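Engineer: Here it is: the structure, laid out below.
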Amino acid sequence: MRYSLLDRSRTRHGLPEAAALEHSVERAIDVEQLGYARFWVAEHHAVPGIASGAPAVLLAAIGARTQRIRLGSGGVMLPNHRPLVVAEQFRMLSALYPGRIDLGLGRSLGFTEPVRHALGRLGASPEEFAQEIAEVREHLEGSAALTARPADAGEVPVFVLATGSGIDTAAALGLPLVLGGPFLDSPELPDRLAAYRREFRPHRGSLPQVLVSVDALIADTEEEARELALPEVWAMARSRTTGLFEALEPVEQIRATRMSEREARRVEKGLAATVAGTAATVRRRIEKLIERTGASEVLATGATYDREALSVSDRELAQLLAG
């Protein structure tokens, strides 16, 4: 079992937004020493709670401060970019950090309609997504009409971040699949993954591969783990009301906030969906998820306001998965 980490450069209440980027770099340095296989970063535009809007730029900074850990995007949102530009960015990264660069591609559009207008893309069909992934891969492999430079930058593995139709796209293109979010609890998931493996069309000898992305946090007690998960869950619950995904807040500040009944229900639902608990609890839940999906890798995505507690959780999770 391989274990990796996706860090979304979460901003924190009371700190400059730019600090989130340095926090991501520091976290990458730490988890490299813990044995994590990959460190991926995100792409979100004009979102108050996330400072990372340009994965390639952040990965360049992280690459300069790390030595071995693979670096990638979770993911580049392909509707926002031209395939040639994505290929050039990741070829450059591969030239700078040979053998360490991954490219995860997703289909999500901007968080709100004004952001989508600003990015110039209001829709992206599954067919368009598949075609654009194929174009990126052609540029990376040197089989396109144009040659992305530098031409001798080495291999850049491509992953599909997907739910629903994206699973079919990954199978048709012979690419690894990254699954996360509520779809992991869907009753149709086993059948969809069976179809992915059955209909997989190998590309240059590729084999079906499933990575599962989970919000995983470990603490000494179940209650402490719930407190760790609360800032992220609260930000998501509030976004359903305000339309804004805000910076992480301290637990004490959240507990002092008067929640509506609807917000309280959303918080409880979010906490239940998070893989948060003692090491034994998290182990059981991850083992069940692996058994259900046949995943070969866990991509942890947990975040919280308390950076020291997050660092401890990263260490505990590494020990759990390594064992």
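Engineer: Limited to region 96-111, what total is found for residues that are closer than 20 Å to Ser52 by Cα and open to solvent by 40 Å² or more (accessible area, probe 1.4 Å)?
Structural biologist: 4
Engineer: Let me ask something else. In this structure, does Arg198 turn out to be assigned to a helix (DSSP H, G or I) and basic (Lys, Arg)?
Structural biologist: On the way: assigned to a helix (DSSP H, G or I): yes; basic (Lys, Arg): yes.
Spelling it out, Arg198 is indeed assigned to a helix (DSSP H, G or I) and basic (Lys, Arg).
Engineer: Quick one: in region 1-32, which of the residues that are assigned to a loop (DSSP other than H, G, I, E, B) and of a type outside the set (D, E, K, R) is nearest to the chain's Cα centre (by Cα)?
Structural biologist: Of region 1-32, the ones assigned to a loop (DSSP other than H, G, I, E, B) are 1, 8-9, 11, 13-18.
Keeping just the survivors that are of a type outside the set (D, E, K, R) gives 1, 9, 11, 13-16, 18.
Details: Met1: 18, Ser9: 11, Thr11: 16, His13: 22, Gly14: 25, Leu15: 23, Pro16: 23, Ala18: 20 Å.
Top of the filtered list is Ser9.
Engineer: Looking at the structure I just gave you, is Ser186 surrounded by 12 or more Cβ atoms within 10 Å (Cβ to Cβ), free of Cβ contacts under 8 Å to residues at least 12 places away in the same chain and either touching a Pro at 6+ places or on another chain (Cβ under 8 Å) or of a type in the set (Gly, Ala, Ser) (or both)?
Structural biologist: Yes.
Engineer: Take region 203-226 and flag every residue that is aliphatic (A, V, I, L, M) and open to solvent by less than 70 Å² (accessible area, probe 1.4 Å).
Structural biologist: So in region 203-226, the residues aliphatic (A, V, I, L, M) come out as 207, 210-212, 214, 216-219, 225.
Val210, Leu211, Val212, Val214, Ala216, Leu217, Ile218, Ala219, Ala225, listed by residue number.
Engineer: Please indicate, with yes or no, whether at least one residue in region 190-202 is modelled with pLDDT under 95, open to solvent by less than 10 Å² (accessible area, probe 1.4 Å) and not acidic (Asp, Glu).
Structural biologist: no
Engineer: Does region 287-306 contain at least one residue that is within 20 Å of Glu223 (Cβ to Cβ), assigned to a helix (DSSP H, G or I), open to solvent by 70 Å² or more (accessible area, probe 1.4 Å) and out of contact with any His (no Cβ under 9 Å at 6 or more places or on another chain)?
Structural biologist: no
Engineer: A follow-up question, please. Which residue pairs have Cβ atoms closer than 9 Å, lie 6 or more positions apart in sequence or on different chains, and pair a first residue in region 8-19 that is touching a residue at least 60 places away in the same chain (Cβ under 8 Å) and open to solvent by 50 Å² or more (accessible area, probe 1.4 Å) with a second residue that is in a loop (DSSP other than H, G, I, E, B) and aromatic (Phe, Trp, Tyr)?
Structural biologist: From residues that are touching a residue at least 60 places away in the same chain (Cβ under 8 Å) and open to solvent by 50 Å² or more (accessible area, probe 1.4 Å), the pairs are His13/Tyr305.
Engineer: Restricting to region 163-178, name every residue that is outside any strand (DSSP E or B) and over 11 Å from Phe129 (Cα atoms).
Structural biologist: Correct list: Thr163, Gly164, Ile167, Asp168, Ala171, Ala172, Leu173, Gly174, Leu175, Pro176.
Engineer: So, of the residues in region 84-118 that are in a loop (DSSP other than H, G, I, E, B) and among the small types (Gly, Ala, Ser), which turns out to be nearest to the chain's Cα centre (by Cα)?
Structural biologist: Initially, region 84-118 is screened for residues in a loop (DSSP other than H, G, I, E, B), giving 97-100, 102, 107-112.
Now narrow it down to the ones that are among the small types (Gly, Ala, Ser): 99, 108, 110.
Working: Gly99: 20, Ser108: 12, Gly110: 16 Å.
This residue is Ser108.
Engineer: Now a separate question. List every residue pair whose Cβ atoms lie under 6 Å apart, where the two residues are 6 or more positions apart in sequence or sit on different chains, the first residue falls within region 148-163 and is on the phi > 0 side of the Ramachandran plot, and the second residue, located anywhere, is surrounded by fewer than 19 Cβ atoms within 10 Å (Cβ to Cβ) and part of a loop (DSSP other than H, G, I, E, B).
Structural biologist: Correct list of pairs: Gly154/Pro98.
Engineer: Can you tell me which residues in region 92-140 are over 20 Å from Val160 (Cα atoms), among the basic types (Lys, Arg) and in contact (Cβ under 8 Å) with a residue 24 or more places away in the chain?
Structural biologist: Within region 92-140, no residue meets the criteria.
Engineer: Which condition number does Gly35 fail, the rest of (1) more than 16 Å from the chain's Cα centre (by Cα); (2) touching a residue at least 24 places away in the same chain (Cβ under 8 Å); (3) more than 25 Å from Thr293 (Cα to Cα) being met?
Structural biologist: Of everything listed in (1) more than 16 Å from the chain's Cα centre (by Cα); (2) touching a residue at least 24 places away in the same chain (Cβ under 8 Å); (3) more than 25 Å from Thr293 (Cα to Cα), Gly35 misses just condition (3).
Engineer: I'd like the full set of residues that are open to solvent by less than 10 Å² (accessible area, probe 1.4 Å), touching a helix residue (DSSP H, G or I) at 6+ places or on another chain (Cβ under 7 Å) and small (Gly, Ala, Ser), limited to region 170-183.
Structural biologist: Ala170, Ala171
Engineer: If you don't mind, there's one more thing I want to ask. Test Gly63 against the criterion of being assigned to a loop (DSSP other than H, G, I, E, B) and on the phi < 0 side of the Ramachandran plot, and give yes or no.
Structural biologist: Answer is no for this residue.
Engineer: Hey, another quick one. For region 227-248, does any single residue satisfy the condition of being closer than 30 Å to Glu141 by Cβ, open to solvent by less than 40 Å² (accessible area, probe 1.4 Å), touching a residue at least 24 places away in the same chain (Cβ under 8 Å) and not in a loop (DSSP other than H, G, I, E, B)?
Structural biologist: No.
Engineer: Within region 203-211, does at least one residue satisfy the condition of being closer than 26 Å to Trp40 by Cα and not in a loop (DSSP other than H, G, I, E, B)?
Structural biologist: Scanning region 203-211, I find at least one residue that is closer than 26 Å to Trp40 by Cα and not in a loop (DSSP other than H, G, I, E, B), so the answer is yes.
Engineer: Looking at (1) open to solvent by 60 Å² or more (accessible area, probe 1.4 Å); (2) among the hydrophobic types (A, V, I, L, M, F, W, C); (3) over 27 Å from Gly104 (Cβ atoms), find the lone condition where Ala264 falls short.
Structural biologist: For Ala264, the exception is condition (1).
The values are calculated or read from the model by the stated rules, or taken from the named source; none is laboratory data. As the structure is a computational prediction, the values presented were derived from the model and not from experiment. Heads up, the Cβs are rebuilt from the backbone with ideal geometry, glycines too, and the neighbour counts pull from every protein chain shown. Heads up: the accessible areas ignore ligands, DNA and RNA and are worked out on the full protein's heavy atoms, side chains in. Shrake-Rupley method; radii C 1.70, N 1.55, O 1.52, S 1.80 Å.
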